[in-house]
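The values are calculated or read from the model by the stated rules, or taken from the named source; none is laboratory data. Only a predicted model underlies this, so the values are computations on that prediction, with no experimental measurement involved. Virtual Cβ from ideal backbone geometry, glycine too; neighbours counted across all protein chains shown.
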Amino acid sequence: MNFAGLDIRTSDLPSRADGYITKSEKEHVLVLNNQFSIFNYRKAGFTLIELMVVMVIIGLLAALVAPRLMRRADEARVTEAKIQIKNLETALRLYKTDNGVYPSTEQGLEALISPPSVGQIPVNYRDGGYLEKKTLPSDPWGNRYLYVSPGQQGEYDIISLGADGQEGGSGYEADIINWEI
């Protein structure tokens, strides 16, 4: 027998002598048929609307979290620049202890890694220089540190031009100067 596209054999139903099925058996077959109907059957998975809602939620979370992460990265760069400036100050103090003077502006921070050949030539220059790595560090934004001697507020200034690489600025683009740390 064929009920609404469902092939039912009488052998699948409780056996009756006359070969007919009862009304309750027919209703049972229709209920089974509706459970497997194309209109009632739903595949496992998500609808397009459900996926769109999830994408919107993820987008909102990313919009809230990303600026905080960027701010943390900027803060870390400023902190790293301050630490590097302090390390350069320590090397400059060692240079002065050995040679009696700080390097001139013309000699620059390069005087910390190799003996200067201009200006006042140091007599007690330390073998290997005054920086452990034997190279001048760049600031966290990839720019060179500026060195001026004499400085505005002391015997020298060490300056990082900040994130923008230009004089002045505010926030994370502000200059970082040794006497402001």
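Against the definition (among the aliphatic types (A, V, I, L, M) and either surrounded by 10 or more Cβ atoms within 10 Å (Cβ to Cβ) or closer than 22 Å to Glu180 by Cβ (or both)), how does Ile49 come out, yes or no?
Numbers: among the aliphatic types (A, V, I, L, M): yes; either surrounded by 10 or more Cβ atoms within 10 Å (Cβ to Cβ) or closer than 22 Å to Glu180 by Cβ (or both): no.
So Ile49 does not fit the description; no.
Tell me whether segment 65-76 contains one or more residues that are over 12 Å from Asn178 (Cβ atoms) and surrounded by 15 or more Cβ atoms within 10 Å (Cβ to Cβ). Yes, there is a match, as at least one residue in segment 65-76 is over 12 Å from Asn178 (Cβ atoms) and surrounded by 15 or more Cβ atoms within 10 Å (Cβ to Cβ).
Let's see how each residue does on (1) at pLDDT 95 or above; (2) outside the structural domain of Gly165 (by TED's automatic domain parsing); (3) of a type outside the set (Gly, Ala, Ser):
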{"site": "Ala66", "(1), (2), (3)": "no, yes, no"}
{"site": "Lys96", "(1), (2), (3)": "yes, no, yes"}
{"site": "Arg126", "(1), (2), (3)": "no, no, yes"}
{"site": "Asn143", "(1), (2), (3)": "yes, no, yes"}
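Taken over segment 103-125, the residue count meeting the criterion of being crowded, with 17+ Cβ neighbours inside 10 Å and assigned to a loop (DSSP other than H, G, I, E, B) is 6.
Could you check segment 95-116 and list, in sequence order, the residues that are under 16 Å from Glu155 (Cβ atoms) and polar (S, T, N, Q)?
Thr97, Asn99, Ser104, Thr105, Gln107
Suppose we filter segment 119-141 for residues that are free of Cβ contacts under 8 Å to residues at least 12 places away in the same chain and either basic (Lys, Arg) or closer than 21 Å to Asn178 by Cα (or both); how many remain?
Looking only at segment 119-141, we keep the residues that are free of Cβ contacts under 8 Å to residues at least 12 places away in the same chain, and these are 121, 127-128, 132-133, 138.
Subsequent filtering for residues that are either basic (Lys, Arg) or closer than 21 Å to Asn178 by Cα (or both) retains 132-133, 138.
Summing the residues that are free of Cβ contacts under 8 Å to residues at least 12 places away in the same chain and either basic (Lys, Arg) or closer than 21 Å to Asn178 by Cα (or both) in segment 119-141 gives 3.
Looking only at segment 85-102, count how many residues are free of Cβ contacts under 8 Å to residues at least 60 places away in the same chain and not in a loop (DSSP other than H, G, I, E, B). Summing the residues that are free of Cβ contacts under 8 Å to residues at least 60 places away in the same chain and not in a loop (DSSP other than H, G, I, E, B) in segment 85-102 gives 10. Restricting segment 126-181 to residues that are among the charged types (D, E, K, R), within 28 Å of the chain's Cα centre (by Cα) and part of a loop (DSSP other than H, G, I, E, B), the residue that is surrounded by the most Cβ atoms within 10 Å (Cβ to Cβ) is Asp139. Scanning segment 109-165 for residues that are within 19 Å of Thr79 (Cβ to Cβ) and among the polar types (S, T, N, Q) yields Ser138, Asn143, Ser160.
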